[in-house]
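Structure, as structure tokens:
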Amino acid sequence: MPGTLSLIVLLPLLGFLLNGVLATRLGGNRAGKRFVTVVGCGLPLMSFALALRSLGQLLSAHGTPLLEVAYRWALIGDSAFEIAFYFDRLTAVMSLIVTGVGSVIHIYAVGYMAHDKSFGRFFAYLNLFLFFMLLLVLGRSLLVLFVGWEGVGLASYLLIGFWFDDGANARAGRKAFITNRIGDAGFLLGMFLLYTAVGTLDMDAINARFALTGSAAPVVSASLVGVLLFIGATGKSAQIPLHVWLPDAMAGPTPVSALIHAATMVTAGVYLVARLSGVYQHAPEASAVVAAVGVATAFFAATVALVQTDIKKVLAYSTVSQLGFMFLALGVGAYGVAIFHVMTHAFFKACLFLGAGSVIHALGGEQDLRKMGGLARRIPVTFVTFAVATAAIAGIPPLAGFFSKDEILWYAFASERGGSPLLWLVAAATALMTAFYMTRLLWLAFMGASRMTPEVERHVHESPASMTAVLCLLAGLSAVGGFMAVPHFLEPLLPLPATHEHLHAFETPLLVVSVVLAAVGVAAAAWLFGGDPARVAAWSLRLAGPHRWLTGKYFIDELYNRMIDRPLVWVSDHVFLRLFDRRLIDGLLDGLAALGQRCGGWLARVQTGQLHAYAGLVLAGLVGALLWNWRHA
């Protein structure tokens, strides 16, 4: 019988199999929506309960990790590759985020997808997503983690392109899948290099080996390994330059967006770097790259979010930016703080995405912020919960985002492992923009006069209880989640970096500056969008050049299209198709066929049907035989 850790992973897989077979193989929703709901939501909730039980066992064992070997995968020489599950403090936090937030997103989806013809298939895919993410989080070895890593890529492809009848959705799914394969090439190279140097893929053993010194230390560059693994994390967690897939992933149903952004997939890269902190602690160059890419991504995505008009696109670029904050924390050695922000971000970003889904549900599918307004009185529960989550991500104290973001800013400034005033300055500017664009979103969607069409406005209604109850729960967690001392809980495993003593005097002033920046961002957005609409138009005209670059998302997709897509299409068309395929391969086959046809034509002339011709051939054969015998006599 599988143990507790195996059950945490396998229960969502069972949900996928039940709903997949009964709702897909049998056609439509023949299993019944009630059955699909009970299985699709109940089994993830059971995984959450078992994760809580495992946390209790971990605490009662004074933090000694739980280990469960499911079976031996392969035995190659002296190396045994096992499917083993490992539960320590980091696993506990991540598994509770995945199963807890993932489960409430499942419950929300019951109401959101109630009228979809593929209700059962949708929940089967959601359960599959959780299964692979839990396999990634609980796997002891990089090999098991990689199976989950690729699995969440598959599940995201299926869910982003869930409404595949729409070509845009199908293209978005392919874009996510292909972009992640680019990052995975780096991941595989790093994994092969680690196995060659260390002789094992068990991550706890890898961290222990890199902690050794002298001749016992691995003979490999920790920075090279760190950079290769970070390339994989860059793809999965949408960092520059592989960030382009995540905004387009909004094509899927809104619960999918919430699941990808809050509880699964994009957090995988953050988890990987934190899990292999033993490598990165001995890789200062790789850590510097992680911090630089993280802070650049955070700033870049925040600038793009300033001008987005699609409610889900604003939140998508916000996720890219917040992930940048997490990698900034990882780069300066504050691994526990990065995971703390993963948790608080899961609360408020899930609330924001599901709140956006509630808005879209109320407006009959409308996502354009320019066609909203005045919704605060019409859908009050959605408005209040959305406002709480907005304040949390903006860094307003004492909400959850304030605590985790402020710790990131502090260690970016003062950490002895790469912190600098420049990192703090860029991150602080990003925090200011975060408060601004999130208040802009809140104001355009809920405040001011209505810009809805009369037909849409007549049908505005609050979402059902299955959706609003989840919003209230997530809003509550967004409010109080910061009081959970996650960095302290993780410190025995992920110690916080030392800070420069001469900078300690700046800690309180920087805290005040952080709060002031959040307040300034909120006030500036309220002043700009809460006044005369001509004021916004005037500023847009005044900043026409930057506005064009931001609305074009710096034209990175166009750059990729010109520098990569078009050359590859040209090479495929002119070299591989026309030269190799048509001329070389097809030409060779066609030439052989023509040669055979011509030879057959020549031989056919022998079969004339004329007796004297056959007699002449026989006579020629006899003469030839006699000459042969005479020469060899």
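Kindly check whether there is at least one residue in the range 407-416 that is surrounded by 23 or more Cβ atoms within 10 Å (Cβ to Cβ), of a type in the set (Val, Ile, Thr) and under 26 Å from the mean Cα position of the chain (by Cα).
Taking every residue of the range 407-416 in turn, at least one turns out to be surrounded by 23 or more Cβ atoms within 10 Å (Cβ to Cβ), of a type in the set (Val, Ile, Thr) and under 26 Å from the mean Cα position of the chain (by Cα).
Conditions first: (1) closer than 28 Å to LEU543 by Cα; (2) at pLDDT below 95. ALA362 passes all but one, so which condition is the exception?
(1)
Out of curiosity, is ALA523 assigned to a helix (DSSP H, G or I), under 30 Å from GLY448 (Cβ atoms) and either open to solvent by less than 70 Å² (accessible area, probe 1.4 Å) or in contact with a helix residue (DSSP H, G or I) (Cβ under 9 Å, 6 or more places away or on another chain) (or both)?
yes
Here are the criteria: (1) assigned to a loop (DSSP other than H, G, I, E, B); (2) open to solvent by less than 10 Å² (accessible area, probe 1.4 Å). Tell me which single one GLU462 does not satisfy.
So the condition that GLU462 fails would be (2).
If the requirement is being closer than 19 Å to SER257 by Cβ and touching a Ser or Thr at 6+ places or on another chain (Cβ under 6 Å), which of these qualifies: ALA392, ALA356?
ALA392
What pairs come out if I take residues in the range 461-476 that are in contact (Cβ under 8 Å) with a residue 24 or more places away in the chain and pair them with residues that are assigned to a loop (DSSP other than H, G, I, E, B) and not hydroxyl-bearing (Ser, Thr, Tyr) whose C-beta lies under 6 Å away, six or more apart or interchain?
As it stands, the answer is GLU462/ILE379, since those pairs meet every condition given.
Filter the helices (runs of 4 or more DSSP H) completely within the range 164-258 down to those with at least 1 residues that are open to solvent by 50 Å² or more (accessible area, probe 1.4 Å), basic (Lys, Arg) and farther than 22 Å from LEU330 by Cα.
167-198
Is there any pair with a first residue in the range 193-218 that is more than 17 Å from SER277 (Cβ to Cβ) and a second that is open to solvent by less than 20 Å² (accessible area, probe 1.4 Å) and of a type in the set (Val, Ile, Thr) whose Cβ atoms are under 6 Å apart and which are 6 or more apart or on different chains, and what are they?
LEU193/VAL225
Can you find, within the range 368-383, the residue that is least open to solvent (accessible area, probe 1.4 Å) among those that are over 16 Å from PRO454 (Cα atoms) and not in a helix (DSSP H, G or I)?
The residue in question is ILE379.
Name every residue in the range 143-163 that is open to solvent by 40 Å² or more (accessible area, probe 1.4 Å) and assigned to a loop (DSSP other than H, G, I, E, B), in order of residue number.
Passing the criteria: only TRP163.
The values are calculated or read from the model by the stated rules, or taken from the named source; none is laboratory data. A quick note: this is a predicted structure, and the numbers were derived from the prediction, not measured. Glycine also receives a Cβ, built like all others from the backbone with ideal geometry; neighbour counts cover every protein chain displayed. We work out accessible area using only protein heavy atoms, side chains counted, and drop any ligands, DNA or RNA first. Shrake-Rupley method; radii C 1.70, N 1.55, O 1.52, S 1.80 Å.
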